[in-house]
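For reference, the structure is listed below as structure tokens.
The values are calculated or read from the model by the stated rules, or taken from the named source; none is laboratory data. Fair warning: this is a prediction, and the values are worked out from it, not measured in the lab. Positions of Cβ are generated from backbone atoms using ideal geometry, with glycine treated the same way; all protein chains shown enter the neighbour counts.
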Amino acid sequence: MRGSKSSRELMGDKLFYVIRIAILLSVIFLFVPSLNPTRISGLINRNLSLFTAGISYSTLTDDFGRAIKKGWVQESTLQLLYVSAMSICIGAATMGIGGCMTLGNLKLKRLSSLIAAIGGIFELVGLMGIYISYSRISLTTKPEKIEPQFQNGFWVILAVSAIVLLLSVIELLFLPKAQKEDKYSIDAKYQLFLMFMPFIALIAVFSYLPLLGWRYAFFDYKVGDTLSMEKFVGFKWFNELLKNPATVRDIVRVLKNTLAMSGLGIATSWLPMAFAIFLSEIKNVKFRRFVQVFTTVPNFISWVLVYAIAFCIFSTDGFVSSLLVNMGIWDQGVNLLMSGEHTWLKMLGWGLWKGIGWSAIIYIAAISGIDQQLYEAATVDGAGRFQRMWHITVPGLLPTFCVLLLMSVANILNNGMDQYLVFSNATNINSIMVLDLYVYKLGIGKGSIPLTTVIGMVKSIVSVTLLFAANGISKLIRGESII
Amino acid sequence: MAKTAQERADIKAEKRYEKKHRHKFRSNPGDIVFYIINYFIFGLFTLVCTFPFYYIFINTISDNDLVIKGTINFIPRGLHLDNYIALANVSDLSNAFIVSVGRTLIGTTLMVAASGFVGYLVTKQEMWGRKFWYRFLIITMYFNAGLIPWFLNMQMLGLTNTFLAYIIPGIVAPYNIILVKTYIESIPAELEESAALDGATYLTIFRKIIWPLSKPILATIAIFGAVGHWNSFTDSLILMQSAPELYTLQHRLYIYLNTASNLKALMESGGQVSDAVLKSAMSGKVIKYTISMVTVIPILLIYPFMQRYFEKGIMLGAVKG
């Protein structure tokens with residue numbers, strides 16, 4: 001029955017591409033505040049999207065309390081606006097469902113055109129409602145307070161929904177009738193895709209949409225502002241990063257800390273391997289198991305808890321102080337955490353305390369994969385314990401080590417901020433400030449959005465470049481990629 | 001399994017041989033020194049990793065007066081549980097506890113369900129644009145826009161100062177999806193094929209075959225996910241700036257550690273303090289220790305049971321890496 005499609009059906013299929021794109025756009029437009037046609041008054045929040053306007057009456061009318069009380073705006077106008085926004089939302093959702101169904105067979109396609117057309121009607125009705133609210137609100141007695149305005153987004157959304165409606169109707173008339181005995185069905189490949197689609201949307205929204213935030217790097221932006229072209233400053237913030245002496249000094253200091261702490265991490269990255277090698281020399285299985293289990297615990301607690309532990313052990317009334325005071329060695333407790341000395345080494349120490357047992361697991365597993373006959377042969381040849389370690393175990397672990405080393409080199413700028421944030425205090429802030437923490441303090445704390453966005457951008461690009469370089473090296477040396 | 005007499009004899013002989021050899025190793029003085037040092041160092045490091053937990057714990061259950069004097073260092077004295085009971089009555093703490101438990105349960109459940117389902121979907125070669133969408137997913141592991149764009153994005157989406165901000169962004173976890181996908185690929189394809197021949201839909205196959213068979217890997221990612229949710233701190237710090245009632249336990253702990261909180265400060269900071277707390281005369285030290293313990297106990301409790309899953313998790317990652 002399927003197989004050969006009539007030429008009319010093929011033509012219709014092409015038209016469906018346009019419909020699908022239009023539907024996708026109208027769904028996306030719901031969430032774009034700058035295209036929100038319901039913002040018919042200056043009292044409505046600039047960052048309000050059509051979707052929010054359609055689901056939350058209270059957000060829409062947040063700032064109208066006084067205007068309604070004084071009679072500048074009739075409440076029914078706002079209610080009409082709200083219902084219109086809701087109608088557009090329903091329309092877009094309906095169109096969305098219709099759009100998904102266009103992937104089905106002929107019978108489903110006819111149904112989907114009908115549904116999309118209904119969605120289009122909903123949208124148009126909603127737009128009409130918005131227009132009526134606008135014309136009512138523009139008759140207000142206090143235009144300087146209410147600031148009636150008409151959004152260009154109105155026309156955009158009107159155009160898109162009109163296209164959907166029109167084309168769907170054409171499809172309905174144009175598509176050949178499906179056979180009566182046909183059933184609604186969708187090809188397996190599209191079924192799978194449709195099931196995956198919600199997750200694609202999540203990924204797009206949470207992982208790709210933030211990239212849109214990179215535009216803040218080119219604007220003079222303060223929290224709460226809206227972006228407009230007057231505030232476009234080009235590469236000003238990039239220059240600031242390179243030329244402003246105060247910023248440059250900060251950046252140099254921060255980079256020094258970042259590279260130093262990452263460097264120390266990399267320089268000690270062989271420790272988990274040594275841990276594993278020496279642990280495997282212990283023949284008592286129970287003891288080995290015991291060590292392994294308990295040295296892994298710190299990996300599973302958060303950095304806040306690590307700090308809590310540091311606090312309980314090293315603060316003024318912590319373990320060390322109270323022990324030494326009770327023994328009469330110290331006169332009074334000392335807060336060892338409040339010192340700016342050796343910050344890098346201390347951070348390295350906490351990192352090792354937390355991570356070494358866990359990182360060793362991978363090497364322990366790799367050791368158990370080394371052929372035992374190698375050891376026996378070496379013993380027969382007279383190799384001692386350390387010779388066996390050095391000439392058999394270490395070479396056996398090197399591939400794993402190299403991969404992890406390359407990964408940590410690629411992550412040299414990303415040492416995370418949790419550890420450094422919790423351990424930072426007035427005395428060590430200069431030597432503990434790493435790039436991630438700096439971005440947090442400057443961006444979230446002081447609201448310096450564009451500059452921190454620039455830093456984030458550069459950091460992301462450097463990281464990805466390093467990762468690809470590391471991958472390239474790995475391919476070159478081992479013939480295997482690491483990502 | 002019954003062993004023949006010959007096999008039994010072989011094993012016996014082997015054991016005797018091993019014993020003799022071990023004996024030979026022991027007799028070497030260099031080896032003995034090595035063993036002593038090795039055992040000592042590992043013993044010491046294990047102690048360093050565990051003692052802090054023990055120390056904090058005994059300080060929360062010992063007599064508060066002795067704790068303040070700093071005399072409880074190794075042995076608990078004057079055992080009582082009043083501190084825990086008192087803290088349960090501090091409203092912002094019990095609130096934070098509920099938020100943390102809530103996000104851990106809901107967030108983990110959704111993440112595991114989504115990872116299982118998506119992991120199954122991406123094994124299906126026949127999906128439209130599978131390769132592209134799979135890459136679309138994987139790239140996000142290696143690339144992110146940065147903290148500030150992420151924050152502005154969450155703000156734009158209205159996911160600040162709301163509980164949903166803990167849940168929704170974590171639903172799709174690319175790394176876990178890869179783990180599940182690798183695992184599902186190891187399930188014999190015949191099982192699925194026969195079900196498909198019987199007319200089972202993708203959803204039925206997933207529910208009746210794939211989901212039950214991938215329980216081991218789902219358990220593993222569930223545990224990692226739960227630990228991640230429980231430990232997560234920065235999202236509370238950055239996204240909940242004007243919603244203190246949504247702070248996680250980790251965030252509360254951070255705040256308490258950083259304020260010179262004694263009982264007075266606790267009251268001033270808005271926590272409603274009940275009579276029980278007033279009676280228990282908890283000092284700032286005891287409060288901090290007890291909150292730390294409350295935050296760490298769930299991890300320590302699940303840890304022994306989950307140990308094997310933890311190790312399986314890192315090994316699966318290694319296979320991929």
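Annotation: of all residues in region B:30-45 being surrounded by 12 or more Cβ atoms within 10 Å (Cβ to Cβ) and over 20 Å from A:LEU271 (Cα atoms), the one that is farthest from the other protein chains (Cβ to nearest Cβ) is B:ILE32.
The residues listed here are A:ILE444, A:ILE367, A:ILE432, A:ILE455; of these, the one that is surrounded by 14 or more Cβ atoms within 10 Å (Cβ to Cβ), β-branched (Val, Ile, Thr) and more than 33 Å from the chain's Cα centre (by Cα) is A:ILE367. Is there a residue being out of contact with any helix residue (DSSP H, G or I) (no Cβ under 7 Å at 6 or more places or on another chain), more than 12 Å from chain B (Cβ to nearest Cβ) and assigned to a helix (DSSP H, G or I) anywhere in region A:417-428? Scanning region A:417-428, I find no residue that is out of contact with any helix residue (DSSP H, G or I) (no Cβ under 7 Å at 6 or more places or on another chain), more than 12 Å from chain B (Cβ to nearest Cβ) and assigned to a helix (DSSP H, G or I), so the answer is no.
Filtering region B:122-134 to residues that are in a helix (DSSP H, G or I) and either touching a residue at least 24 places away in the same chain (Cβ under 8 Å) or in contact with a Leu (Cβ under 6 Å, 6 or more places away or on another chain) (or both) leaves nothing. Listed by position, the helices (runs of 4 or more DSSP H) inside region B:1-72 whose residues that are outside the structural domain of B:VAL286 (by TED's automatic domain parsing), closer than 30 Å to A:PHE275 by Cβ and at pLDDT below 80 number at least 2 are B:5-27.
Might you check whether a residue that is without any contact (Cβ under 8 Å) to a residue 12 or more places away in the chain and within 20 Å of the chain's Cα centre (by Cα) occurs anywhere in region B:135-152? For region B:135-152, residues without any contact (Cβ under 8 Å) to a residue 12 or more places away in the chain and within 20 Å of the chain's Cα centre (by Cα): absent.
Restricting the search to helices (runs of 4 or more DSSP H) fully inside region A:271-330 and requiring at least 1 residues that are of a type in the set (D, E, K, R) and surrounded by fewer than 17 Cβ atoms within 10 Å (Cβ to Cβ) gives A:285-296.
All conditions but one from (1) more than 11 Å from chain B (Cβ to nearest Cβ); (2) part of a loop (DSSP other than H, G, I, E, B); (3) surrounded by 13 or more Cβ atoms within 10 Å (Cβ to Cβ) apply to A:LEU241; the one that does not is (2). Only one entry of A:ILE163, A:ILE157 meets the criterion of being farther than 29 Å from B:THR140 by Cβ, at pLDDT 90 or above, surrounded by 14 or more Cβ atoms within 10 Å (Cβ to Cβ) and touching a Phe, Trp or Tyr at 6+ places or on another chain (Cβ under 7 Å), and that entry is A:ILE157.
Scanning region A:60-107 for residues that are more than 30 Å from A:GLU9 (Cα to Cα) and hydroxyl-bearing (Ser, Thr, Tyr) yields A:THR61, A:SER76, A:THR77, A:TYR82, A:SER84, A:SER87. Scan region B:87-103 for residues that are modelled with pLDDT under 90 and either hydroxyl-bearing (Ser, Thr, Tyr) or not assigned by TED's automatic domain parsing to the domain that holds B:THR162 (or both) and the total you get is 2.
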